[in-house]
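A quick write-up on the structure given underneath.
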Amino acid sequence: MMLSKKLLEQVLARALSTGADYAEIYTENTTSKAITMVGSKVDRIADELISGASVRVFKGLRSVCGSTADLSEAGLLACAGKVADVLGQGSAPIRINLNERLFGDAHPIRIVPSSVGNDVKVELLRRGCDSAKAYHSSISQVSGTILDVDHKIQIATSEGLLAEDRQVRTRMSLEAIASNGNENQAGMVTPGVRQGLEMFEQFVPEELGRQAAAQAVTMLSAGYCPAGTMPVAIGNGFGGVIFHEACGHSLEASGVALGQSQFAGKLGQQIASPKVTAIDDGTMTNAWGSINIDDEGTPARKNVLIENGVLKSYMIDKFNGRRMGMESTGNSRRQSYLYEPTSRMTNTYIAEGQDNNDDIIASIEYGLYAKTMGGGQVNPLTGQFNFGVREGYMVRNGKICEPVRGAMLVGKGSEVLMNIDMVGTGLALSAGMCGASSGSIPTFVGQPMIRVCAITVGGR
């Protein structure tokens with residue numbers, strides 16, 4: 001146990017002492033290691049330790065949160081006192097009785113990264129980088145990073161809950177640069193899981209290196225994508241970033257509770273094509289964005305957000321749940337104790353449909369196949385978005401043709417949901433980091449291949 005039950009009870013009592021109706025203390029101890037290789041040489045080894053606690057109180061629809069790196073009794077009580085004093089002065093003494101709960105761990109770890117020497121991790125990186133370099137003569141540079149994180153949290157609340165979770169995650173990123181002497185193009189892969197080094201039995205470094213290099217080489221020979229409104233087939237895996245950004249954020253209670261979402265007040269309404277079922281599932285075994293409990297101590301859940309096009313649920317944390325009159329869905333998350341938690345996604349994806357992937361491509365007379373998506377921007381209030389296509393191909397007469405670069409998908413989340421007219425098979429999920437008001441957190445995005453019947457494609 002990170003902090004003693006007795007100390008936690010004292011801190012919570014102090015936090016409640018000026019009239020708050022709810023208090024929590026969140027304690028964290030996180031270690032991480034990142035090893036970066038450029039070419040065939042180790043460029044950097046970075047070790048990080050994050051240790052501290054935050055105290056948060058509610059009084060009706062007021063919320064106050066404070067943090068401290070001082071985990072001594074005096075430091076924690078001082079932090080609780082400052083948070084409590086924001087709400088008012090004086091109250092009767094309060095007694096807290098904590099009961100420890102064990103929620104279990106659905107994410108077994110076989111090879112804990114911190115128990116393995118740097119030489120093992122360096123060799124995994126070298127295998128990936130060497131494979132990328134050997135793929136083609138045009139590969140001019142390769143680089144990679146292997147990251148492992150051991151994130152331990154403890155949560156105690158005035159409702160009597162005392163719970164802990166330990167989240168071990170591992171991720172590798174490999175980037176290959178292809179050059180023809182006049183210009184460069186990059187290819188990248190970034191798999192991550194809530195596992196230890198056993199992840200590399202599934203994600204073989206040599207194959208990752210080849211994937212990154214193949215993408216770079218393909219894009220080096222690509223012409224520019226033409227602009228216009230056209231049907232677009234979006235590939236599985238990281239293609240799900242479109243739903244995550246353009247629609248997922250708009251289903252988080254942090255915006256919905258304030259009416260700052262395109263989907264506020266639309267529970268039970270048709271907001272998407274009947275082909276679309278979308279899910280946020282924090283319980284998926286060993287998935288990058290999975291949690292046993294969220295950062296308020298609520299057990300992770302599988303939440304069906306959209307079912308056959310109908311809005312069924314939002315993603316809700318405790319405080320915004322108060323505003324909405326709804327219970328938490330296990331979606332409260334934060335980067336660290338330095339951030340106040342709020343509603344966030346975990347593993348969010350469009351479920352498999354019944355369309356054949358080959359039929360999706362065959363249905364497009366003239367359009368774009370966005371095999372791999374890149375980054376982008378979205379306004380959760382309006383749903384307006386733009387996303388880059390990392391690897392794209394023109395489709396003509398139902399056939400995938402030449403590769404194209406510079407494609408950008410532009411649109412509005414609510415319109416895209418309605419325009420998804422085919423949903424295929426082969427669901428895949430990809431790791432990413434999602435940034436918002438409570439910091440950067442690990443999330444999975446995913447989908448099978450889908451077809452958007454009409455979307456604006458920016459290009460040349």
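The values are calculated or read from the model by the stated rules, or taken from the named source; none is laboratory data. Values in this document were obtained by computation on a predicted structure and should not be read as measured data. Every residue, glycine as well, gets a Cβ built from its backbone with ideal geometry; the counts of neighbours run over all protein chains shown.
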Mind checking whether some residue in region 440-447 is aromatic (Phe, Trp, Tyr) and surrounded by 23 or more Cβ atoms within 10 Å (Cβ to Cβ)? yes
Looking only at residues in region 330-343 that are in contact (Cβ under 8 Å) with a residue 60 or more places away in the chain and touching a helix residue (DSSP H, G or I) at 6+ places or on another chain (Cβ under 8 Å), which one is surrounded by the fewest Cβ atoms within 10 Å (Cβ to Cβ)? THR342
Unmet requirement for THR348, which otherwise passes all of (1) touching an Asp or Glu at 6+ places or on another chain (Cβ under 6 Å); (2) of a type outside the set (Phe, Trp, Tyr); (3) touching a residue at least 60 places away in the same chain (Cβ under 8 Å); (4) part of a loop (DSSP other than H, G, I, E, B): (4)
Looking at region 139-155, is at least one residue closer than 21 Å to LEU220 by Cα and surrounded by fewer than 19 Cβ atoms within 10 Å (Cβ to Cβ)? yes
Would you confirm, using the coordinates I've provided, whether LEU76 is at pLDDT 95 or above, touching a strand residue (DSSP E or B) at 6+ places or on another chain (Cβ under 9 Å) and in a loop (DSSP other than H, G, I, E, B)? no
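I want to confirm something. Restricting to region 253-285 and keeping residues that are closer than 21 Å to MET422 by Cα and over 20 Å from the mean Cα position of the chain (by Cα), which single residue is surrounded by the fewest Cβ atoms within 10 Å (Cβ to Cβ)? It would help to see each step written out before you state the result.
If we filter region 253-285 for residues that are closer than 21 Å to MET422 by Cα, which is where we start, we get 269-280.
Filter once more, so that each one left must be over 20 Å from the mean Cα position of the chain (by Cα): 269-276.
Numbers: GLN269: 11, GLN270: 14, ILE271: 23, ALA272: 26, SER273: 21, PRO274: 13, LYS275: 19, VAL276: 26.
Here the residue is GLN269.
Let's see how each residue does on (1) not hydrophobic (A, V, I, L, M, F, W, C); (2) not in a loop (DSSP other than H, G, I, E, B):
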| residue | (1), (2) |
| --- | --- |
| GLY128 | yes, yes |
| GLN141 | yes, yes |
| GLN154 | yes, yes |
| ILE177 | no, yes |
| ASN182 | yes, no |
Residue count, region 79-101, condition buried (at least 16 other Cβ atoms within 10 Å of the Cβ), touching a strand residue (DSSP E or B) at 6+ places or on another chain (Cβ under 7 Å) and not aliphatic (A, V, I, L, M), comes to 1
Output the residue which, of all residues in region 419-443 that are in contact with a helix residue (DSSP H, G or I) (Cβ under 8 Å, 6 or more places away or on another chain) and in a strand (DSSP E or B), is farthest from SER290 (Cα to Cα). MET422
Residue count for region 128-172, restricted to those that are in contact with a Gly (Cβ under 9 Å, 6 or more places away or on another chain) and small (Gly, Ala, Ser): 8
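Quick test for you: out of SER313, SER290, SER328, SER336, pick the one residue that is of a type in the set (S, T, N, Q), assigned to a loop (DSSP other than H, G, I, E, B) and in contact with a His (Cβ under 8 Å, 6 or more places away or on another chain).
SER290
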Being part of a helix (DSSP H, G or I) and under 15 Å from ALA233 (Cα atoms) is the filter here; which residues of region 395-417 pass it? VAL416, LEU417
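Can you tell me which residue is surrounded by the most Cβ atoms within 10 Å (Cβ to Cβ) among those in region 371-386 that are within 17 Å of GLN215 (Cβ to Cβ) and within 19 Å of the chain's Cα centre (by Cα)?
The extreme case among them is MET373.
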For region 102-110, does any single residue satisfy the condition of being surrounded by 14 or more Cβ atoms within 10 Å (Cβ to Cβ), among the aromatic types (Phe, Trp, Tyr) and in contact with a helix residue (DSSP H, G or I) (Cβ under 7 Å, 6 or more places away or on another chain)? no
Only one of ALA428, ALA407 that is crowded, with 20+ Cβ neighbours inside 10 Å, outside the structural domain of ALA186 (by TED's automatic domain parsing) and not basic (Lys, Arg): ALA407
